[in-house]
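FYI, it's all coordinate maths here, none of it is from the lab. Here the structure is a predicted model, which means the values were calculated and not measured. Cβ coordinates were reconstructed from backbone atoms using ideal geometry, including for glycine residues, and neighbour counts include every protein chain displayed.
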């Protein structure tokens, strides 16, 4: 017999006797049969224990003892299970095991998450155990596939991984959203974005990206917000705003395709519409300007199926507006050229229209909102310095950032993707808290 086999790989061993290491997720049966629902982190499947087979193999007394041991084994006990793999057309997984032997590794008693409905707070309090459930396993597999696809995409397109610091002496965007800490007697902040440092990387190495945790102290309790999350930021020189949008679209499509390729079974568990995901890969994304969006929202605000508030040109719009716009087009939608008044100081103005900036938010359909934000960066030293002053920021905190405009400034663009929002969108989840192993929100920092 070979070494341990993963449940996800049993399809390659039909008719063979294999050994797996697993946990008992659930159990049922009666009389001479026990049905074990096993999991090993790669997948769930069923193993069938037939009492007469045990008696035939181990003898009357020993076979009875072993069968009773399985019969009384508690949920989440760990064990080695040996058996013959066979096809099972009745199950979605397609395969099951006829058990010929087993060995209990670790017993479990009074496991708190039983096969019944539990409240969200209870499950979040037991997040360290909730991660063992079938749906949570599938969500983490989607997350892993997105991470894997990210590295593959940027490697293919000539990017270098560039690690920005977590501790920073200045803000990338809104100073009110920073977590401040004491850094040997001086104030420091947990990073809200690696973007400013990536711009330095782009001037040194060309195409660069980073991928790591960032922190936002925004006091929001929506289903789209976390205080600690993972952000992918990319920065690249010598590309125009439109070329940047092309790159962003290719990246998002590569991510979705990566999940379809690597986590197909997870999408089945989550009952995600894979044909819809394929549509997003195959269909060009929509591009529409902010002002066109406002006109569109105003034109439809009295329709029976709209539930958003009235907006004027110059207003920032919220989640209900984003949901309506992306659903209106039915594909991920770039909204470009927002007002400079509520966008970051480093964005380059639209030529001939200083009230608008060369930026884009990518809105995911089905109500998932913004998943990508990007812009072309201001390259003029004097203009950037003035924007820093206009935003009430201290020039000395950004002197190094201004240097990038003094020594060989070039056109450059960049964007950032919130991993958890992308996980939520691709997995089809309702709330972002399930998109990260241990979510950090305003009211939750444990476990």
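Run the helix sum for the chain: -39,500 (n - 2.57) per DSSP H stretch of 4+ residues, divided by residue count, reported at 222 nm to the nearest 500 deg cm²/dmol.
Value at 222 nm, helices only: -10000 deg cm²/dmol.
Using Stokes-Einstein with the Kirkwood hydrodynamic radius over Cα pairs, what translational diffusion coefficient do you get for the stretch 127-435 at 37 °C and a viscosity of 0.692 mPa s, in µm²/s rounded to a whole number?
For these conditions, the coefficient is 162 µm²/s.
Which value in nm describes the separation of the simple spin-label points at residue 82 and residue 246, placed 7 Å from the Cα toward the beta carbon?
Going from the residue 82 label point to the residue 246 one covers 6.0 nm.
Taking Rh as the Kirkwood radius computed over C-alpha pairs, what is the Stokes-Einstein D of the stretch 239-301 at 37 °C in a medium of viscosity 0.692 mPa s, expressed in µm² per second?
235 µm²/s
Between residue 390 and residue 180, what length in nm is gained on full extension when 0.36 nm per residue of separation is reduced by their alpha carbon distance?
Stretched out fully, the residue 390 to residue 180 stretch lengthens by 73.3 nm.
Just order 233-240, 212-219 by mean Cβ neighbour count inside 10 Å, highest at the front, would you?
Ranked from most to least packed, the peptides come out as 233-240, 212-219.
Return P(r) of the stretch 80-161 (all Cα-Cα pairs; 10 Å bins starting at 0; whole %; ordered from short to long distances).
13, 22, 32, 23, 10, 0
When the convex hull of the Cα atoms of the stretch 202-337 is projected onto a plane and the area is averaged over all directions, what value comes out in nm²?
Computed as one quarter of the Cα hull surface, the answer is 11.2 nm².
Kindly provide the Kirkwood hydrodynamic radius of the stretch 7-106 in Å, to one decimal, from all pairs of distinct alpha carbon atoms.
After inverting the pairwise mean of 1/r, the radius is 13.4 Å.
Specify the angular offset, from 0 to 90 degrees and rounded to the nearest 10, of the alpha carbon long axis of helix 134-156 from the longest principal axis of the alpha carbons in the chain.
Here the helix axis deviates by roughly 50 degrees.
Could you calculate the FRET efficiency of residue 353 with residue 442 from 1/(1 + (r/R0)^6), where r is the beta carbon distance between them and R0 is 41 Å, rounded to 0.05?
So, using R0 = 41 Å, E works out to roughly 0.60.
Along its three principal axes, how long is the stretch 322-442 when you only count alpha carbons? Whole Å, largest extent first please.
The Cα atoms of the stretch 322-442 stretch 46, 35, 25 Å along the principal axes, largest first.
Which of 246, 305 has the fewest other C-beta atoms within 10 Å, and how do the rest follow up to the most?
305, 246
Give the angle, between 0 and 90 degrees and rounded to the nearest 10, that separates the Cα long axis of helix 195-205 from the longest principal axis of the Cα atoms of the chain.
Helix 195-205 sits at roughly 80 degrees to that axis.
To the nearest 0.05, what FRET efficiency results for residue 108 and residue 281 with a Förster distance of 41 Å applied to their C-beta separation?
0.45
Please determine, in degrees from 0 to 90 and to the nearest 10, the orientation of helix 319-329 with respect to the longest principal axis defined by the Cα atoms of the chain, where the helix direction is its Cα long axis.
Once rounded, one gets 80 degrees.
Provide, in order from the shortest bin, the percent of all Cα-Cα pairs of the stretch 142-248 in each 5 Å bin, continuing until the bin that contains the maximum pair distance.
With a bin width of 5 Å, the distribution comes to 2, 12, 18, 20, 19, 16, 9, 3, 1, 0.
Among 88, 40, 264, whose mean-square fluctuation peaks in a Gaussian network model of the chain (Cα, cutoff 10 Å)?
Comparing 88, 40, 264 in the GNM, the peak value goes to 88.
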